[in-house]
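The values are calculated or read from the model by the stated rules, or taken from the named source; none is laboratory data. All values derive from a computational prediction rather than experimental measurement. Cβ coordinates were reconstructed from backbone atoms using ideal geometry, including for glycine residues, and neighbour counts include every protein chain displayed.
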Amino acid sequence: MYRVLLADDEEIIREGVRRAVPWDTLGLTLAAVAEDGAQALALAKKEQPDIVITDIRMPRMDGLDLIRALREQNPDCKLLILTGHGEFTYARTALQLGVSDYLLKPVELPPLCGVLTRLRQELDAERSRQDEIDQLQQQVQEERVLQQQRLLGRFFAGRASVGELAENLPSRWRDAPFCAGVLVQMDDFDRLTGDMDEETIFSFTQELETAMIAQSNDDMRIVENDNGRYFVLFVSELEEELRFHIRSYVRRLRATGVQAAYTTIASSILRGGVALCRQAYEETRRCMDRVFLLGTGQDIQAGEALGQGFASPLPEGIDMRNIIKTLSGFHKEEIHHALTGIAENIRKTSHNSYLYTSMLVSFVYGETIRLLGEMRCPVQSILPEPMAAYRRLMACQSLDSMMRELMRVLDLVCDFLEENVGGNQDAVERAKVYIEEHYGNSKLSLDLVAAAVGISPTYLSALFKQNANQSFVGYLTETRLTHAQRLLRSGDYRSYEVAYMCGYDNSTYFSTIFKRYVGVSPSEYRKQENGQS
């Protein structure tokens, strides 16, 4: 309800208006009553009324002086004056000062209620216009932030320059001497979402996204690096202030709910401003590669995970996560290169011992068997006696002989997969063809495509990231939106029809995801492409 202030030195007028006007029915509330102009001005400052009803002639401060003061204090306030028959000169002056209307005393209820109703309608219209302006400004700001986030994503991928960042980021971002990155990753994302369709995955990640956005401010930008992984960029004038903001942000994020409970967060701070944000991103990404060793659900700082203070049982340069990634691709040359590097690294360190080497080889062998199981490959078809093969590995008496035997085993695996699975790149290409033919199926998921191709969801996910340089869900979304843009440009279909044809049962979700990736809504995109203003 709108707030009303009543000022009149005559008690009979004050009480008559207060009691007679049906304030609630008119959508108003009588917030304060004053006996003179000075008291009215003080109450107006405190109550911030939307409408002031005031007498012209009052002690201490008359109505005209009150009106002048109110115009400076609250220029949007509606003013209604009450005047006598002999005070027309005052009323004319009041009208020149911008009062909304005046009524002659003695005041009758119907005209008073009529004026108050009109003033309320004017306030409604003004508020509606202001809401539209605010929404437009908010939309412009959101689109600007979205464009900046997409630009940062391109910059991290090497598709945008520092100069483009400088042109499109706020000046305080360009001038800030410190930048920091926080990489937030939902652990076990592929396993948790393997049987979900695109919209369900979006809903699954929304809780974490919403929490991240709710805890952000103008000195932060959130970039979705991949499904289930988000990079938050901070800038500041002071390093300590930046550290405080990061600690505070991570603490608040951890306190928001379930999703953050199994999320790993890595952070890095660099002196050099936003120009080094790609370096901050790379540092946090390397931190995430330590999750295998440190465990999930951790808060990792780059200096601790990557610096000399990191106490790892592995020699420098050996990263178990990278080993697993290389193994999952089953490329002979890459595996040979990785194992040669491991052997050279072991020779250069104090870890050159049978115990350490056998532990490392056991890990690689075990991961190979596990990956074959996930791929639904008959292990016995490759290694008729897996335990006998393992014992042969452990019986080797030198680093070179153990590595040669391990390479022989892995060569057998790679040869079998190339012959029977059709090769990694071929599996990805077959998956892409299947997606191209079935993108209109709203239930299309990683599990469904993997079954059609004939490999495990985990393996297909790894192959996509390795060979297509993007996640499965990212590729599916890109394919659907590419076709959506084509259909919108044709002008033959409504937005909801395009959504359905591209695999989106929920047109609202389609509009949301379209704007996120393309930068404008489907209807705006159609207008732009068809040359409409």
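Tell me, which strands (runs of 3 or more DSSP E) lie completely within the range 130-241 with 1 or more residues that are modelled with pLDDT under 80 and not assigned by TED's automatic domain parsing to the domain that holds residue 520?
Numbers: elements: 178-186, 220-226, 229-236.
Filter on the range 130-241 gives 220-226.
Quick one: in the range 522-533, of everything that is surrounded by 15 or more Cβ atoms within 10 Å (Cβ to Cβ) and in contact with a Ser or Thr (Cβ under 8 Å, 6 or more places away or on another chain), which residue is farthest from residue 149 (Cα to Cα)?
526
Show the residue pairs that are 6+ apart or on different chains and have beta-carbon atoms under 8 Å apart, the first residue being within the range 444-466 and on the phi > 0 side of the Ramachandran plot, the second being at pLDDT below 80 and of a type outside the set (Lys, Arg).
Between residues of the range 444-466 that are on the phi > 0 side of the Ramachandran plot and residues that are at pLDDT below 80 and of a type outside the set (Lys, Arg), the close pairs are 454/421.
Just the residues that are in contact with a strand residue (DSSP E or B) (Cβ under 7 Å, 6 or more places away or on another chain) and either of a type in the set (Gly, Ala, Ser) or modelled with pLDDT of 95 or more (or both), please, taken from the range 3-16.
3, 4, 5, 6, 7
Looking at the range 187-209, I want the residues that are of a type in the set (Gly, Ala, Ser) and have a partner that is surrounded by fewer than 18 Cβ atoms within 10 Å (Cβ to Cβ) with Cβ atoms under 8 Å, at least 6 apart or on another chain. Which pairs are those?
Here the result reads 194/447, each pair linking the range 187-209 to a residue that is surrounded by fewer than 18 Cβ atoms within 10 Å (Cβ to Cβ).
Looking at (1) crowded, with 20+ Cβ neighbours inside 10 Å; (2) in a strand (DSSP E or B); (3) under 46 Å from the mean Cα position of the chain (by Cα), can you tell me which one residue 3 breaks?
(1)
Mind listing just one residue for me: the one in the range 323-366 that is under 19 Å from residue 458 (Cα atoms) and of a type outside the set (A, V, I, L, M, F, W, C) and, of those, modelled with the highest pLDDT?
Applying the filter and picking the extreme gives 365.
Can you tell me which of (1) surrounded by fewer than 17 Cβ atoms within 10 Å (Cβ to Cβ); (2) more than 17 Å from residue 94 (Cβ to Cβ); (3) not basic (Lys, Arg) is the one residue 72 doesn't meet?
Going through (1) surrounded by fewer than 17 Cβ atoms within 10 Å (Cβ to Cβ); (2) more than 17 Å from residue 94 (Cβ to Cβ); (3) not basic (Lys, Arg) one by one, residue 72 breaks only (2).
Out of the residues in the range 409-423 that are in contact with a Ser or Thr (Cβ under 9 Å, 6 or more places away or on another chain) and of a type outside the set (Val, Ile, Thr), which is modelled with the lowest pLDDT? Steps first, please.
Initial filter on the range 409-423 (in contact with a Ser or Thr (Cβ under 9 Å, 6 or more places away or on another chain)): 409-410, 413, 416, 420.
Those left that are additionally of a type outside the set (Val, Ile, Thr): 410, 416, 420.
Values: 410: 91, 416: 78, 420: 60.
Among those residues, the one meeting the criterion is 420.
Just to be sure, is residue 369 outside the structural domain of residue 456 (by TED's automatic domain parsing), within 29 Å of residue 396 (Cα to Cα), at pLDDT below 85 and over 34 Å from the mean Cα position of the chain (by Cα)? Break it down into steps so the answer makes sense when it comes.
On the way: outside the structural domain of residue 456 (by TED's automatic domain parsing): yes; within 29 Å of residue 396 (Cα to Cα): yes; at pLDDT below 85: yes; over 34 Å from the mean Cα position of the chain (by Cα): yes.
Taking the combined requirement at face value, the residue satisfies it.
Can you work out which of the residues in the range 436-482 that are in contact with a strand residue (DSSP E or B) (Cβ under 8 Å, 6 or more places away or on another chain) and under 17 Å from residue 514 (Cβ atoms) is surrounded by the most Cβ atoms within 10 Å (Cβ to Cβ)?
The extreme case among them is 474.
What number of residues within the range 24-38 satisfy the criterion of being surrounded by fewer than 16 Cβ atoms within 10 Å (Cβ to Cβ) and assigned to a helix (DSSP H, G or I)?
2
Tell me which of these residue 66 doesn't satisfy, since it passes every other one: (1) without any contact (Cβ under 8 Å) to a residue 12 or more places away in the chain; (2) more than 23 Å from residue 108 (Cα to Cα).
(1)
Name, by its number, the condition in (1) farther than 22 Å from residue 124 by Cα; (2) in a loop (DSSP other than H, G, I, E, B); (3) without any contact (Cβ under 8 Å) to a residue 40 or more places away in the chain that does not hold for residue 46.
The single condition residue 46 does not satisfy is (2).
Testing residue 98 on (1) part of a helix (DSSP H, G or I); (2) under 18 Å from residue 115 (Cβ atoms); (3) not charged (D, E, K, R), one condition comes back false. Which one is that?
Failing condition for residue 98: (1).
When the range 504-521 is examined, which residues are found to be of a type outside the set (Ser, Thr, Tyr) and either closer than 20 Å to residue 224 by Cβ or not assigned by TED's automatic domain parsing to the domain that holds residue 437 (or both)?
Residues of the range 504-521 that are of a type outside the set (Ser, Thr, Tyr), as a first pass: 505-506, 510, 513-516, 518-520.
Selection gives 506, 510, 513, 514, 515, 516, 518, 519, 520.
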